Amino acid sequence: MHSPLPLSQEMIGLYIADFAALTGKTPALPVLRIKRRLSGLTRNFKPHWLPLDR
């Protein structure tokens, strides 16, 4: 079982890479949408005083 916080840099990288990958009939997300998802992660880390190096 993986602890939800703090996320390792590898886990964040895999999360973002998954959105950029083509999987079956699902197209890759545009860069802007991927940036928004990363921004959401950053916003969720701040209340927990956890650093997120973008």
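The values are calculated or read from the model by the stated rules, or taken from the named source; none is laboratory data. Note that the structure is predicted; figures quoted are calculated from it, not measured. Here the Cβ positions follow ideal geometry from the backbone for every residue, glycine too, while neighbour counts run over all protein chains shown.
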Considering the stretch 3-47, residues that are among the polar types (S, T, N, Q) and at pLDDT below 80, and then whichever is surrounded by the fewest Cβ atoms within 10 Å (Cβ to Cβ), we arrive at 3
Meets criteria (modelled with pLDDT of 80 or more and surrounded by 10 or more Cβ atoms within 10 Å (Cβ to Cβ)) for residue 50: no
